[in-house]
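One structure is given below, encoded as structure tokens.
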Amino acid sequence: MSGEQIAKGKVKVGDKAPDFTLPDQSGTRLSLRDFVGRKIIVLYFYPRDFSRGCTAEACAFRDSHDVFVESGAQVIGVSSQSVDSHSEFAILNKLPFVLLSDEDGKVRELYGASSTLGLLPGRVTYVIDKKGIVRHVFSSQLNPTKHIEEALRIVKEISKE
């Protein structure tokens, strides 16, 4: 499985997801706690707006958005680009979900979302249940759309509980 593995960062399955507050693509500050207790959270870290892989991943999340919503999930993308970059990226690709700006990389570091060869920010997805517990971690730099399949599978399992 080249490029695919369970992430071995700081946050792992069974951990309480660390709370954080970041601005979204409209500049509104959102916290993870705003969603805990109400939604299953699909928190995905991606390298950068407008790159080919990240655009494919975001558009795959967009195309499956209704299924996530029907299953009680909130998709949240996080990368280090600015609020303005996220706004343009969301508008251009008609993204119906939240993009958070982690410009200083502190939230990525908090979660231990790995990097590839220590250079490129990693592509890691965390599925967090309504109690705020991490139920699944998936990392694959080279297969961005696999993140959607993995997240949907886990979200559907959790929603049946």
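From the list Ser31, Ser87, Ser26, Ser79, which residue is out of contact with any Phe, Trp or Tyr (no Cβ under 6 Å at 6 or more places or on another chain) and closer than 22 Å to Val137 by Cβ?
Just one listed residue meets the conditions, Ser31.
Return the residues of the stretch 69-89 that are within 13 Å of the chain's Cα centre (by Cα) and closer than 24 Å to Lys130 by Cβ; say none if nothing qualifies.
Once the filter is applied, which keeps residues that are within 13 Å of the chain's Cα centre (by Cα) and closer than 24 Å to Lys130 by Cβ, the stretch 69-89 yields Ala73, Gln74, Val75, Ile76, Gly77, Val78.
Which residue is surrounded by the fewest Cβ atoms within 10 Å (Cβ to Cβ), if the candidates are limited to the stretch 16-51 and must be among the basic types (Lys, Arg) and part of a loop (DSSP other than H, G, I, E, B)?
Arg38
For Asp66, state whether it is in a helix (DSSP H, G or I), at pLDDT 95 or above and closer than 21 Å to Lys39 by Cα.
yes
Sort through Arg48, Arg108 and tell me the only one that's of a type in the set (D, E, K, R), touching a strand residue (DSSP E or B) at 6+ places or on another chain (Cβ under 8 Å) and closer than 13 Å to Leu22 by Cβ.
Result: Arg108 is the single residue among Arg48, Arg108 that is of a type in the set (D, E, K, R), touching a strand residue (DSSP E or B) at 6+ places or on another chain (Cβ under 8 Å) and closer than 13 Å to Leu22 by Cβ.
All but one of (1) without any contact (Cβ under 8 Å) to a residue 24 or more places away in the chain; (2) buried (at least 18 other Cβ atoms within 10 Å of the Cβ) hold for Asp66; state the number of the condition that does not hold.
(2)
Which of the residues belonging to the stretch 1-11 are loosely packed, with under 14 Cβ neighbours inside 10 Å and either closer than 10 Å to Tyr111 by Cβ or at pLDDT 95 or above (or both)?
Lys10
For the stretch 82-161, which strands (runs of 3 or more DSSP E) that fit wholly inside it have 1 or more residues that are surrounded by fewer than 21 Cβ atoms within 10 Å (Cβ to Cβ) and hydrophobic (A, V, I, L, M, F, W, C)?
134-140
Do we have any residue at all in the stretch 2-11 that's within 23 Å of Val134 (Cβ to Cβ), assigned to a loop (DSSP other than H, G, I, E, B), in contact (Cβ under 8 Å) with a residue 24 or more places away in the chain and among the hydroxyl-bearing types (Ser, Thr, Tyr)?
No, the conditions are met nowhere in the stretch 2-11.
The values are calculated or read from the model by the stated rules, or taken from the named source; none is laboratory data. Here the structure is a predicted model, which means the values were calculated and not measured. Positions of Cβ are generated from backbone atoms using ideal geometry, with glycine treated the same way; all protein chains shown enter the neighbour counts.
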